[in-house]
1. Within segment A:89-123, which residues are open to solvent by less than 30 Å² (accessible area, probe 1.4 Å) and in contact with a strand residue (DSSP E or B) (Cβ under 9 Å, 6 or more places away or on another chain)?
2. What about residue A:45, is it out of contact with any Cys (no Cβ under 8 Å at 6 or more places or on another chain), away from chain B (no Cβ under 14 Å) and not hydrophobic (A, V, I, L, M, F, W, C)?
3. Check residue B:240 against each of (1) of a type outside the set (A, V, I, L, M); (2) free of Cβ contacts under 8 Å to residues at least 60 places away in the same chain; (3) more than 10 Å from every other protein chain (Cβ to nearest Cβ); (4) closer than 26 Å to residue A:138 by Cβ and name the one condition it does not meet.
4. Among the residues of segment B:271-289, what is the count of those that are within 14 Å of chain A (Cβ to nearest Cβ) and within 24 Å of residue B:197 (Cα to Cα)?
5. Please work out if residue B:279 is touching a strand residue (DSSP E or B) at 6+ places or on another chain (Cβ under 9 Å) and at pLDDT 90 or above.
6. What helices (runs of 4 or more DSSP H), lying completely within segment B:271-347, carry at least 3 residues that are buried (at least 17 other Cβ atoms within 10 Å of the Cβ)?
7. Having 2 or more residues that are touching a residue at least 12 places away in the same chain (Cβ under 8 Å) is the bar; report the helices (runs of 4 or more DSSP H) wholly within segment A:162-266 that clear it.
8. Report, by residue number, each residue of segment B:251-270 that is more than 8 Å from every other protein chain (Cβ to nearest Cβ) and either of a type in the set (D, E, K, R) or surrounded by fewer than 23 Cβ atoms within 10 Å (Cβ to Cβ) (or both).
Amino acid sequence: MEWIQQLVNGISLGSIYALIALGYTMVYGIIKLINFAHGDVFMVGSFVGFYSIVGLGLDFFTALVLAMIFCAIFGVLIERIAYKRLRNATRIAALITAIGVSLLIENGFIFTWGPQPKAFPDIIANGTFEILGAKISIKSILILSISITLMVILQFIVHKTKIGKAMRAVSHDNEAARLMGINVDNTISATFAIGSALAGAAGVIFGLYYTKIDPLMGIIPGIKAFVAAVLGGIGIIPGAMVGGLVLGVIETFVNASGFSLWRDAAAFVILILILIFRPNGIFGKNTREKV
Amino acid sequence: MKKKLFKVLAASALSVGLLAGCGESSGQSGDTIKIGVNLELSGGVASYGTGINKGVQLAVEEINAAGGIDGKEIELISVDNKSDGQEATSGAIKLTDQDKVAAIIGAATSGNTIAQVEIANDKKTVLITPSGTSMVVTVNEKGKLNDYAFRTTFIDPFQGTVAANFAINELGVKTAAVYGDNASDYAKGLGAAFIETFEAAGGKIVKEESYIAKDTDFRSTLTRIKSADPEFVYIPGYYEEVGLIVKQARELGIDVPLMGGDGWDSPTMVDLAGADALNNTFVTAAYSDEDPDPIIQNFVEAFKKKHKEAPDGFSALGYDTVYLLKDAIERAGSTDSTKIKEALEQTKDFPLVTGALSIDENHNPVKSATILEYVDGQMKFNSKVNPE
């Protein structure tokens, strides 16, 4: 029953990608910016989780919530300080700034806390149970349920609340939304806050599942999540979820077929294929309309 | 400014000339035997060099207190190479030209040792590195033996050989999987030696997998390994990844013994893998201060008395290097470096703290290795394994 086990591995990895990809997709959907610092927000989230558990002695769920709140504020700060004044600049200027912010966070972290990896505390009981011969740990179930819960909450916010409506309006046409009396700045900040909170949650989950956290841990998952967002159709929220899960499962199966050294390459081959054959992603409509 | 520099140069050239004139026949001045020490006493890897130096000092003190070598006391001449290859080279030149030492002990790292090898060969002075593990220390890249270079520690692939013997003879396993770092020479050397020895002894490698440094997700490869159902998994690599591999392997239900080399040895290893997951895992090492062997216990006690701390592996290797040299000088009956070299080449089963040692045709030691076992997060002495 190796394949069932591999599927579980893939879904666990994929749900972490999906959580990060949501932030990419939301920010892109609303201001057409690929926020390269998003992977670093993920890293900050896992460090906040680490220090709240080790330093403050909090339990896992409180640490998760604290990391989400911290990252929401952090995300808004990044937006207000680095991106806001570039709102009307060229997109390449904003993109370069995002890369700069990313490097600043990574190196600032190394400067302050050092480059050594830290071991995330093992605070969830390490139980496993068997389904059809596959060993499934409590942790994988926990990761999956947290991810699904957060995604459901996100869907609810976007479709049923006032701020969600405002976000959809701004994403559709921000000038028109402004004319309709929507506070565009606050809406953008809310988008950053929600996306960053999800990245923060992903960071804590990642720490729990993979143990080792370090200041450069955000780079590869960040890029993978970006690929996931493009795969699903950047700017489309369900696309990011599906893209994340698909990417996680594909990577795991590439690995499982004995090509472990090609795993990272596989993600980029997928990105290239998607850009060639279906540039709008799985869920993207084939129009030039804004999503 | 230039004039001043010239004066300084002239003065130093003069003094070097004077000192050289004073020098006597190699390695011997009156009643002492001069031994050079060229170690990383400061700089990036100073902890290795100072560790060795403490062991060297203890050994020399003991030998001199017991009457020296053939009635002559050892005189140590220390050079700090500042963890730098160029400093190591000039240190070796000073020790050979100026001090005319009988032999040089050092350096701690392979790189700083290789920086001295040419000089040792040119000046026909024995050079022994206590802890340099690279193959090219004793045999150059073209496969030619560096006549005057020796080492006390085992080379990297040796650990793989020892691990394979341990798995077959002590654990009694028939099948094994190997899961190593794809990009490190260290891991590749250990892995290749393991496979060769394991198969030669009749074992079967059921799976060979590799990972890339900095990976965090090993579950899918470990699932493959699990489905091959090995009785033993060899994981050559460094603790940053191995810690996660051990943890994830246990989570997936791989309960067989796991084993690796000295790259596992770090306190962070226990944090990453967790004490429970590390039970039933084994590590090859140069020595263990828990080993009940009296030669080791005497060393540990004497070391604690002199330095007020417990010795590490480097101190043990430094200590051994002095005794290895003493034995060779006694057997050579001379402090002539060529004779010492010939005596060193004849070394056979000489008992030392880090195991009974013989020198093979490549000037590498053949000796027993110590197997340590993780028990509830502590490394415990398990057994000694002979290379054969």
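1. Within segment A:89-123, A:117, A:119, A:120 qualify.
2. Values: out of contact with any Cys (no Cβ under 8 Å at 6 or more places or on another chain): no; away from chain B (no Cβ under 14 Å): yes; not hydrophobic (A, V, I, L, M, F, W, C): yes.
Spelling it out, it is not the case that residue A:45 is out of contact with any Cys (no Cβ under 8 Å at 6 or more places or on another chain), away from chain B (no Cβ under 14 Å) and not hydrophobic (A, V, I, L, M, F, W, C).
3. (3)
4. 0
5. Working: touching a strand residue (DSSP E or B) at 6+ places or on another chain (Cβ under 9 Å): yes; at pLDDT 90 or above: yes.
Here the answer is yes, as residue B:279 does meet what is asked.
6. Details: elements: B:275-278, B:294-307, B:313-332, B:337-345.
Those helices (runs of 4 or more DSSP H) span B:294-307, B:313-332, B:337-345.
7. On the way: elements: A:162-172, A:174-179, A:184-210, A:219-232, A:237-256.
Counting at least 2 such residues, we get A:162-172, A:184-210, A:219-232, A:237-256.
8. Pass one, segment B:251-270, residues more than 8 Å from every other protein chain (Cβ to nearest Cβ): B:254-267, B:269-270.
Within segment B:251-270, B:254, B:255, B:256, B:257, B:262, B:265, B:266, B:267, B:270 qualify.
The values are calculated or read from the model by the stated rules, or taken from the named source; none is laboratory data. Only a predicted model underlies this, so the values are computations on that prediction, with no experimental measurement involved. Positions of Cβ are generated from backbone atoms using ideal geometry, with glycine treated the same way; all protein chains shown enter the neighbour counts. Ligands, DNA and RNA are stripped out before the accessible areas are found, and what is left, the full protein with its side chains, is counted by its heavy atoms. Shrake-Rupley method; radii C 1.70, N 1.55, O 1.52, S 1.80 Å.
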